[in-house]
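A short worksheet on the structure shown next.
The values are calculated or read from the model by the stated rules, or taken from the named source; none is laboratory data. Just so you know, these numbers come straight off a predicted model, no measurement behind them. For neighbour counting, all protein chains shown are included, and Cβ atoms are generated from backbone atoms with ideal geometry for every residue, glycine included.
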Amino acid sequence: MRHLLRFSVLALLVAAPAALPAQRMSDSYEFLKAVRDADGTKVTQILDKPGSTIVNTKDSGSGETALHIVTKRSDATYVRFLLSRGANPNVQDQQGNTPLLLAVGNNCGECIDALTAKRANVNLGNSAGETPLIRAVQLRNLDLARTLLTAGANPDQADVLAGMSARDYARRDARSPALVKLLEEAPKATTRAVSGPRLR
């Protein structure tokens, strides 16, 4: 009997830690599902739990956070709400895409304003090195390119795949003379491009 009791207690101790990640995964799933469903009441209830850090939880498959999800649907109100609740504006999905890159791709100026107001890094590229400014130039979006340059985007930061910068892409595609002119006249950035840690 004593051996049976000891075994039961041991089984509980071994099983207990395994239950915690499963619970967290369940909470993450419920939170991201509520965000996808635009269930504001449920999202707020989950975020209001004491000590909650779930706002930056990532989808296990795509690496998307709630901020990625709402930016993809150009929901600027939701973007501002999540940022006010501690969402990381520089979080990257599995392809390295930030919410700012998604906002540029969707031409959501309000989302871009909300993200840059919370210090989204305008020079943070995805896994291909594509920056928000490069994407704006590729989309021939003069207004967004101007907004990003004003926010400190580096016109000379090259991507990884082609080794080309936003300035290079603008020169190569002459279909938008105003965009070419904007990039030609953009001053060289004085800040360093985003890179790994500096070694001393």
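What the table below lists for this structure:
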{"quantity": "Qualifying positions in the stretch 115-158 - farther than 25 Å from T77 by Cβ and of a type in the set (D, E, K, R)", "calculated": "E130, R140, D156"}
{"quantity": "Single match in V70, V79, V122, V104 (criterion: crowded, with 20+ Cβ neighbours inside 10 Å, of a type in the set (A, V, I, L, M) and touching a residue at least 40 places away in the same chain (Cβ under 8 Å))", "calculated": "V104"}
{"quantity": "Any pair with Cβ under 8 angstrom, 6 or more apart, that starts in the stretch 177-199 at a residue that is modelled with pLDDT under 75 and ends at one that is small (G, A, S)", "calculated": "T191/G152; V194/G125"}
{"quantity": "Per-region count, the stretch 144-186, residues aliphatic (A, V, I, L, M) and in contact with a Gly (Cβ under 8 Å, 6 or more places away or on another chain)", "calculated": "4"}
{"quantity": "The stretch 36-54 residues that are over 13 Å from L82 (Cα atoms) and not assigned by the TED database to the domain that holds V91, paired with ones that are part of a helix (DSSP H, G or I) and among the small types (G, A, S) (beta carbon under 9 Å, 6 or more apart)", "calculated": "none"}
{"quantity": "Failed condition for K42, given (1) part of a helix (DSSP H, G or I); (2) surrounded by 21 or more Cβ atoms within 10 Å (Cβ to Cβ)", "calculated": "(2)"}
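Yes/no matrix, rows are residues, columns are (1) outside the structural domain of T41 (by the TED database); (2) more than 30 Å from L32 (Cα to Cα); (3) of a type in the set (A, V, I, L, M):
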residue: D75; (1), (2), (3): no, no, no
residue: L115; (1), (2), (3): no, no, yes
residue: R135; (1), (2), (3): yes, no, no
residue: R146; (1), (2), (3): yes, yes, no
residue: L149; (1), (2), (3): yes, yes, yes
residue: R167; (1), (2), (3): yes, yes, no
